[in-house]
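Single-structure report; data block below.
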Amino acid sequence: MNLTRQLRIASLVVVAGLATAAALEENLPYPYYHFLLGVTITVKPDVVPHSGLNAIPGETGVTIQAETGRYIDNLKKGPLGSPAALYKELPPSDPCPTNDKLFRVHPFLVSAYQVPPQFPNDYRDSNVSQKFTGSLVGCSGSGTAPDFEARIVNIDLDVDSDNDSDDPFHKQKSPSSSLQEDKVEWPVGDADLKLPGLLLVVNHGYEESNTEPERQQITETGKLPSQDFEKTGAKKDDIDLSVSWMRITGVKDPRQGYAKPTYPSARMRLYRVTSGSSSGGSGSPDGTLTYWPSGEDYRCGNGSYELRLEGIDPGRSDLRISYTPDDNVGPPAMDQVKITFSTPYFGSTAIVTRW
């Protein structure tokens, strides 16, 4: 193999590696990795840059740097949601030409996730939201030293991924936001073959078959009275819907940003609870559901947002929600969960489920 061909192949490998994240983001129906992308934030006066850290197991870097000709003084970090141990300060670099103890670049190692990979964001223990503050001083020693602030934003998506909700035949499945749920909400490797994530029956009209004559009809004919997902609209308290929570932290109030879900629309639907227990209420009647199509931006800020999940077609469905804050300078914050929608089958007295 000649040198030109070797260089061409090496270049293709590098380009392919750089394109991998984008390809998975846009083209794969079921993305199988979380990407934790390091970010470098150049801080300036009067601007509060924000960035996400897409969640995977492992480590990544956050670098806070001043513009050329300035150094960072009195650098401090949060915490907002993150334990101090998540951010380890590394030796600074790029000193001022006149003083090798005054540095422009300050890197941090973020070690929020375990190896081998087990889980993405844990809202309580691995919330990577963070605030950095300090002063920007000119290397020449003249002029003012304005303050700065920068933010790392976190999003956490919770479902009943350990499937321990009580009595799912008569109550909605609801997450407990436990560490156990986070560990299995996005199984990878061999665990992906064994764990279903959230296990939810397609919306099969159970509440319309809650009388003995209707149950008997189902048992004898194998037909459901109606399919809820064929109707217009959805009910907040329909037991065939599952409760989910989206939590956003780290945004500097009153700033906001855009949350965007990605999921296979032929298999599931997603709804926002537009008032009631959702902090993102818009004045609608209490408990109103608003359909949230895949790929549609929703403007929101810090807070906990109540969602409902509805199964349409049996099979696997991955739900991913990204959040891009205003003044964003890096990757969006992102979390995702695995869902397995199962087919109902008919027992002697009621609809039961299997997967």
Original post:
Working out 0.36 nm times the residue gap between L90 and K235, then minus their Cα-Cα distance, what length gain in nm do you get to one decimal?
Top reply: 47.1 nm
Original post:
Residue by residue through the stretch 235-249, which ³J(HN,Hα) values in whole Hz follow from phi under the Karplus form 6.51 cos²θ - 1.76 cosθ + 1.60 (θ = phi - 60°), with glycine and proline marked x?
Top reply: 9, 4, 9, 4, 5, 7, 9, 10, 7, 9, 10, 10, 10, 10, 9
Subject >> Distance between modelled label sites at T63 and S140, nm, 7 Å Cα→Cβ extension >> reply: 2.6 nm
Subject >> Amide proton proximity set for G38, modelled H, under 5 Å, gap of 5+ >> reply: G61
Original post:
Between E149 and T343, what is the FRET efficiency for a Förster distance of 51 Å, r being their Cβ-Cβ separation, to the nearest 0.05?
Top reply: 0.50
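Between T40 and S165, what length in nm is gained on full extension when 0.36 nm per residue of separation is reduced by their alpha carbon distance?
Details: separation 125, 0.36 × 125 = 45.00 nm, distance 4.15 nm.
Between T40 and S165, full extension yields an extra 40.8 nm.
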Subject >> Whole-Hz couplings from phi, Karplus 6.51/-1.76/1.60, listed for the stretch 63-80; x for Gly and Pro >> reply: 10, 9, 9, 8, 5, 4, x, 10, 10, 9, 10, 6, 5, 10, 10, x, x, 9
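Would you rank L90, L136 by solvent-accessible area, highest first, keeping every protein chain in place and using a 1.4 Å probe?
Values: L90 60, L136 0 Å².
Ranking L90, L136 by accessible area, largest first, yields L90, L136.
Report the gain in length on full extension from D253 to Y291: 0.36 nm times residue separation, minus Cα-Cα distance, nm rounded to one decimal.
Values: separation 38, 0.36 × 38 = 13.68 nm, distance 2.65 nm.
11.0 nm is the gain from fully extending D253 to Y291.
The values are calculated or read from the model by the stated rules, or taken from the named source; none is laboratory data. Quick caveat: nothing in here was measured; it's all calculated off a predicted structure. Here the Cβ is made from the backbone with ideal geometry for all residues, glycine too, and neighbour counts use every protein chain on show. What goes into the accessible areas is simple: the full protein's heavy atoms, side chains included, and nothing from ligands, DNA or RNA. Shrake-Rupley method; radii C 1.70, N 1.55, O 1.52, S 1.80 Å.
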